[in-house]
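The values are calculated or read from the model by the stated rules, or taken from the named source; none is laboratory data. Note that the coordinates shown come from a computational prediction; the quantities given were computed from them, not determined experimentally. Because the Cβ atoms are built from the backbone with ideal geometry, glycine has one as well, and the counts that use them run over all protein chains shown.
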Amino acid sequence: MSDTGSGPARARPDDPLRANVRLLGEILGSVIVEQEGEELLAVEERVRLLARSGRGGDTAAGAELAAVVGGLDLREQALVLRSFGLFFHLANIAEQHHRLRRLRAYEHEGRIARESTRDALARLAAAGVGEDEVREAADRLSVELVFTAHPTEATRRGVLRAHRRIAALLRELDDPELPPSAEARTRRDLAEEITLLWQTDEVRSQRPRVVDEIRHGLWFVEESLWSAAPRLLAELRE
């Protein structure tokens with residue numbers, strides 16, 4: 001159903017997320033053209049549209065998609081796969097950033113965020129679990145961290161740092177008082193980070209050593225858990 005009213009469309013909670021994904025996708029498209037040429041972007045767009053039609057039940061589109069992919073040489077196939085993989089990484093960064101943005105909005109509005117510590121305690125209270133029971137259970141609580149060398153978690157630390165820089169740049173764009181010159185500079189910085197990601201081999205060419213796995217696990221401790229754990233503990237105590 002189309003909107004026939006004269007007023008502006010009502011804002012949706014996920015509109016900022018959609019805007020971030022669209023922005024990152026547009027920048028990635030420009031980077032692909034700059035690094036590989038317009039032909040690759042055209043192929044990637046064709047594959048994307050055919051895949052979407054195929055998922056929707058269009059068997060002809062599915063057959064055409066197979067023909068298009070089959071007609072590419074190995075290098076072209078690798079580049080198309082890389083473009084999709086990088087886009088999904090960027091979309092994931094935008095989604096994680098949006099979750100943090102919503103959590104901040106909930107706090108400003110005085111609302112309890114779903115799946116938060118406060119939400120869990122509120123649900124326990126609604127279920128009839130008393131404070132003494134919760135306190136006793138918390139006193140017995142033990143958290144043990146396990147780091148596994150899973151292939152899907154073998155992302156290079158340099159790539160992970162770039163992901164964090166992109167998230168920080170998206171945070172800058174959230175500032176309603178950001179002047180146009182600063183916004184343009186932030187967009188240029190995003191293009192630089194995405195270019196670096198495109199130029200970086202995400203998959204290791206050599207098997208990682210044990211010390212590499214240890215350093216990789218420590219990265220999460222140093223960059224995330226070291227600061228997040230005390231905040232979580234403080235919130236639980238409060």
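Return yes when ILE32 is under 19 Å from ALA19 (Cβ atoms), aliphatic (A, V, I, L, M), in a helix (DSSP H, G or I) and under 21 Å from the mean Cα position of the chain (by Cα) and no when it is not.
Spelling it out, it is not the case that ILE32 is under 19 Å from ALA19 (Cβ atoms), aliphatic (A, V, I, L, M), in a helix (DSSP H, G or I) and under 21 Å from the mean Cα position of the chain (by Cα).
Would you tally the residues in segment 107-137 being touching a Lys or Arg at 6+ places or on another chain (Cβ under 9 Å) and assigned to a helix (DSSP H, G or I)?
0
For GLY70, which of the numbered conditions (1) surrounded by 11 or more Cβ atoms within 10 Å (Cβ to Cβ); (2) over 21 Å from LEU190 (Cβ atoms) fails to hold?
Going through (1) surrounded by 11 or more Cβ atoms within 10 Å (Cβ to Cβ); (2) over 21 Å from LEU190 (Cβ atoms) one by one, GLY70 breaks only (1).
Could you pull out the residue among GLU144, GLU172, GLU133 that is out of contact with any Cys (no Cβ under 7 Å at 6 or more places or on another chain) and closer than 29 Å to ASP212 by Cα?
After ruling out the rest, the residue left standing is GLU144.
Among the residues of segment 42-95, count how many are without any contact (Cβ under 8 Å) to a residue 24 or more places away in the chain and either of a type in the set (S, T, N, Q) or in a helix (DSSP H, G or I) (or both).
Number satisfying all stated conditions: 28.
Can you find a residue in segment 151-160 that is modelled with pLDDT under 90, in a helix (DSSP H, G or I), more than 24 Å from ALA234 (Cα to Cα) and among the polar types (S, T, N, Q)?
From segment 151-160, those modelled with pLDDT under 90 are 151-160; that's our starting set.
With the extra rule that they be in a helix (DSSP H, G or I), the set shrinks to 151-153, 157-160.
Next, from what is left, pick out any that are more than 24 Å from ALA234 (Cα to Cα): 151-153, 157-160.
Cutting the leftovers down to among the polar types (S, T, N, Q) gives us 152.
Looking for residues that are modelled with pLDDT under 90, in a helix (DSSP H, G or I), more than 24 Å from ALA234 (Cα to Cα) and among the polar types (S, T, N, Q), one finds at least one in segment 151-160, hence yes.
Please go through segment 211-235 and pick out each residue that is free of Cβ contacts under 8 Å to residues at least 60 places away in the same chain and over 22 Å from the mean Cα position of the chain (by Cα).
VAL211, ASP212, ILE214, ARG215, PRO230, ARG231, LEU233, ALA234
Among the residues of segment 164-189, which ones are more than 22 Å from TRP219 (Cα to Cα) and touching a Ser or Thr at 6+ places or on another chain (Cβ under 8 Å)?
GLU172, LEU173, LEU178
Could you say which residue among ARG135, ARG99 is of a type in the set (D, E, K, R), without any contact (Cβ under 8 Å) to a residue 12 or more places away in the chain and under 30 Å from GLU44 (Cα atoms)?
The conditions single out ARG99.
In the list GLY56, GLY62, which residue meets the criterion of being farther than 30 Å from PRO16 by Cα and of a type outside the set (Ser, Thr, Tyr)?
Selected residue: GLY62, the only one of GLY56, GLY62 that is farther than 30 Å from PRO16 by Cα and of a type outside the set (Ser, Thr, Tyr).
Quick one: would you say ARG164 is within 23 Å of LEU23 (Cβ to Cβ), modelled with pLDDT of 90 or more, more than 18 Å from the chain's Cα centre (by Cα) and assigned to a helix (DSSP H, G or I)?
The answer is no for ARG164.
ASP14 versus (1) over 22 Å from the mean Cα position of the chain (by Cα); (2) more than 28 Å from ALA66 (Cβ to Cβ): which is the lone unmet condition?
Result: ASP14 passes all but (1).
Listed residues ALA122, ALA138, ALA113, ALA91; which is surrounded by 13 or more Cβ atoms within 10 Å (Cβ to Cβ) and within 26 Å of ALA229 (Cβ to Cβ)?
Every option except ALA113 fails the conditions.
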